[in-house]
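Undergrad: Quick one: the structure is below, questions incoming.
No value in this document is a laboratory result; all are computed from the given coordinates. Because the structure is a prediction, the values reported are computed rather than measured. As a convention, Cβ positions derive from the backbone with ideal geometry for all residues, glycine included, and neighbour counts pool all protein chains shown.
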Amino acid sequence: MKYINVIIDHNSRHTDNFFTYRTDLPVKRGSLVQVPFNRGNKLKTAYVFDDNAVPDCDPSIIKEIVSIDENISLTDEIMDTCQWMKTRYGIKYQDAVKCFVPNGKPARAGKEKEPYKDEAGERQDIESLTEEQQAAVAVIADAVRENRQENFLIHGVTGSGKTEVYMQAIARVLEEGKTAIMLVPEIALTKQILERFIGRFGKEQIAVLHSKLTPRERFDEWMRIRRGEAKIVIGARLGVFAPLENIGIIIMDEEHEATYKSDMTPKYETVDIALKRLMYYRGVLVMGSATPSVVSYQRAKDGIYRLIELKQRYNANPLPKVELVDMREELKAGNRTIFSDRLYHKMAETLEKGKQIILFLNRRGYSTFISCRECGEAMKCPECGISLVYHKSENAGVCHYCGKRFAVPKACPACGSKYIKYFGAGTEKVEEFTKELFPDRTVERLDLDTAKNSREITRIINGFSKGKTDILIGTQLVAKGLDFKNVGLVGVVAADVSLNIPDYRSTERTFQLVTQVAGRAGRGDEEGLVIVQSYTPDNFALTTAAAHDYESFFETEIQIRGFMDYPPFTDLILVEFTSGDETTAMETADNCRSYLLKCPVDNEEDQIFAPKLSSHFKGKDSYRYYILIKCPKGLRNKYIHYIHCFGSELVKNKIDCNLTIDVNPYSTF
């Protein structure tokens, strides 16, 4: 008879601690077991965190486990990571474990689902690597061979062959008998990466993990990985939780993307999870981007990451020419359409040459807001408080935060006026206008409204890749890593969309988006052209993007960050308090602020901002207040420790208010 400590799969903060059971079964750390719980002894799933526990009560009253799940078990490394996630993010144990555990049950023999089972792969035989690629592969391979945990940042211009470096590095990892994780920022990119990896490594040792798989597909892929059949996992950020052992490398392509940060509990940074797992196995982290995040590039300058640069495109193809068009001048000339004269004429010219076009606008929907011309009242989501976007295909106002749809009123609810109008332009409107201008051309749209599942994403991308689509219109989905050889022109319809977001990262985001979408042009034999339309074409984010000058952008941006005390010079810690009672949420937030100000941390009152109501929170019948901490470097762990202490007091005193921690949040508050 031995004793084990388990965490019960129960969605309550009050049961988020270890419970001791006894057993004669061959239970080990990481096992999933069924246990009788509470007074009614209802069977619950539990996760074993300690298989050699010492009871702290009378052994005679300790219950016995009922059974072990023979199909699912987790490794020691995974259990260590779960315990670290609880401390790091202030979450429940089960929130961490469920990142690693798949939903569902095993299929009957022969009935397993294999996503992309018909994928044949794309064989790309590389005759030789460039000198820059060879040097990059060599330094990564040395770290792998020497079993040295090291972190690399590859700063490579668009089209410089970063993917080939990734595959060469993974080949070295497999030679050492280790496993690999390849992460991409968008699910839409997994198909193209998968084709190249199957062509190089074969289908049998590759698995795919992302949230658009069906529960059956995801469970069966998880089982293939856990059994050791798959040595390479490809996926979006979910892939970092793949149940691999002996991980030799984790690669994060387009590392700058905000999609690597989870906006749901647990609010983790993918790079943090990757580093934690690699430290256990002494593996290598490789991050790549043509536009590294300011934080990552500063870490490279500080020596935390080892910088690798790829300054030339593969086959010495020239970078595309970028032109900035001042839309203020277009208005003066009487052009009030979506396209400038320059963009329209270049579109016609490009199509005549048999080349394809990508049009980028980071706004989906038809019109960006619905407003009364009489009183100026904008139609908003009653739950989220943000402006609704008009979707013409549905004839509805859609909240892009919670996804709810509302009929457009025939009269203004505020003043009764019938002058309800639509303002601004989204991808749906651009698609309609483009089809009017070029009725004999095939136009497709790729955004969250059209890319509703993996099959639809694949259809749209394949159609464009095979030349069946002449013009592809999209949001940031088209800006990330897609490789098309026949794109002669890229048009950025409104560069100011991301520039005017109230976020300290807005200029960085704009530079990245323009540079990334520009990189889709000129990947074939001819130099590509990019036309960027803006009402502020002299902004340094746009001028440096047009010049393909990351260093100049970084130097300007890092000076601004230093002056304003923003990351990477500080950490922003968002502490959220959610309750069904608004007063409870507000008072708990205020009490936490007062508590932190009294803690022995080198803080000042103006570094911990007063509580504010989270206006975009979409919780039903509940309220969320938050406090924001501008935390000096080196003090983050201290602050998080004291926030945990305050949270423990909430549980102890049975205060009905949930507390969550988000370090350096990407979302608006």
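Undergrad: So what's the angle, to the nearest 10 degrees on a 0 to 90 scale, between helix 190-201 and the longest Cα principal axis of the chain?
TA: Tilt relative to the chain: about 80 degrees.
Undergrad: Among 13-25, 270-282, 628-640, what's the highest-first ranking by average C-beta atoms within 10 angstrom per residue?
TA: Going by the mean number of other Cβ atoms within 10 Å, highest first, we get 270-282, 628-640, 13-25.
Undergrad: Here's another thing I want to ask about it. Can you classify the stretch 131-315 as rounded, prolate or oblate using the Cα gyration tensor, where a ≥ b ≥ c are the square roots of its eigenvalues, rounded means a/c under 1.5, and otherwise it's prolate if a/b beats b/c and oblate if not?
TA: The shape class here is rounded.
Undergrad: Ok, one more. Please report, for the Cα atoms of the stretch 460-589, the Rg to one decimal and the Dmax as a whole number; what are they, in angstrom?
TA: Reported Rg and Dmax, both Å: 19.6, 64.
Undergrad: Further question: Could you put T583, T130 in order, starting from the residue whose Cβ has the fewest other Cβ atoms within 10 Å?
TA: Ascending Cβ contact count within 10 Å gives the list T583, T130.
Undergrad: Which of the peptides 548-559, 245-256, 195-206 is most tightly packed, and how do the rest follow, judged by the mean count of other Cβ atoms within 10 Å per residue?
TA: For the peptides 548-559, 245-256, 195-206, the packing ranking is 245-256, 195-206, 548-559.
Undergrad: Give the separation of the Cα centroids, the stretch 396-471 to the stretch 256-320, in Å.
TA: 33
Undergrad: Using only alpha-carbon positions, what ratio does the radius of gyration of the stretch 2-100 give when scaled by 2.2 N^0.38 Å? Show your work: numbers first, answer last.
TA: Details: Rg = 12.8 Å, N = 99, 2.2 N^0.38 = 12.6 Å.
Expressed relative to 2.2 N^0.38 Å, the Cα Rg reads 1.01.
Undergrad: Along the Cα-to-Cβ line of D440, 7 Å from the Cα, sits a label point; which residues in the stretch 343-379 have backbone N less than 18 Å from it?
TA: Backbone N within reach: 345-357.
Undergrad: Next question, about the same structure. Can you find, among Y47, P568, I65, the residue sitting farthest towards the positive end of the charge dipole of the chain, where Lys and Arg contribute +1 and Asp and Glu -1 at Cβ?
TA: Of the options given, the answer is I65.
Undergrad: Another question, then. Compute the Cα gyration tensor for the stretch 79-199, then decide on rounded, prolate or oblate, letting a ≥ b ≥ c be the square roots of its eigenvalues: rounded whenever a/c is under 1.5, prolate when a/b is larger than b/c in the other cases, and oblate in all that remain.
TA: The shape class here is oblate.
Undergrad: How long is the gain from E112 to C645 if the chain were fully straight, where each residue apart is worth 0.36 nm and the alpha carbon distance is subtracted?
TA: Full-extension gain reported as 187.3 nm.
Undergrad: Remind me, relative contact order of the stretch 570-663 in percent, using alpha carbon pairs under 8 angstrom and six or more residues apart?
TA: Result for the stretch 570-663 is 46 percent.
Undergrad: Relative to the longest principal axis of the chain, what angle (0 to 90°, nearest 10) does the C-alpha long axis of helix 506-518 take?
TA: Taking Cα atoms only, the helix is inclined about 60 degrees.
Undergrad: Now, a different point. Which value, in Å³ per residue, describes the convex hull spanned by the Cα atoms of the stretch 570-663?
TA: 86
Undergrad: At a threshold of 8 angstrom on Cα-Cα distance, excluding pairs fewer than six apart, so keeping six or more, what relative contact order does the chain reach in percent?
TA: 12 percent.
Undergrad: When the helix-only estimate is applied to the chain (DSSP H runs of n ≥ 4, each -39,500 (n - 2.57), divided by the residue count), what is the mean residue ellipticity at 222 nm, nearest 500 deg cm²/dmol?
TA: It lands at -9500 deg cm²/dmol.
Undergrad: Something else now. What does the C-alpha gyration tensor say about the overall shape of the stretch 153-230? Classify as rounded when a/c is under 1.5, otherwise prolate if a/b is larger than b/c, or oblate. Intermediate values should be presented prior to the final figure.
TA: Details: a/c = 2.21, a/b = 1.34, b/c = 1.66.
Because a/c hits 1.5 or more and a/b fails to exceed b/c, the stretch 153-230 counts as oblate.
Undergrad: Loop-only trypsin sites (Lys or Arg not before Pro) in the stretch 484-516, please: DSSP not H, G, I, E or B, and at most 15 other Cβ atoms within 10 Å.
TA: The qualifying sites are K485.
Undergrad: If R0 is 56 Å, what FRET efficiency do you get for K598 and Y419 from their C-beta distance, rounded to 0.05?
TA: Details: r = 55 Å, r/R0 = 0.99.
After rounding, the FRET efficiency stands at 0.50.
Undergrad: Order these peptides, 329-337, 440-448, by their mean beta-carbon neighbour count within 10 angstrom, highest first. Numbers along the way, then the final one.
TA: On the way: 329-337: 11.2, 440-448: 17.7.
My ranking of the peptides, most packed first, is 440-448, 329-337.
Undergrad: Next question. Under a point spin-label approximation (7 Å from Cα along Cα-to-Cβ), what is the K28-A411 distance to one decimal in nm?
TA: 7.3
Undergrad: How long is the gain from D302 to R342 if the chain were fully straight, where each residue apart is worth 0.36 nm and the alpha carbon distance is subtracted?
TA: Full extension of this stretch gives 10.1 nm more.
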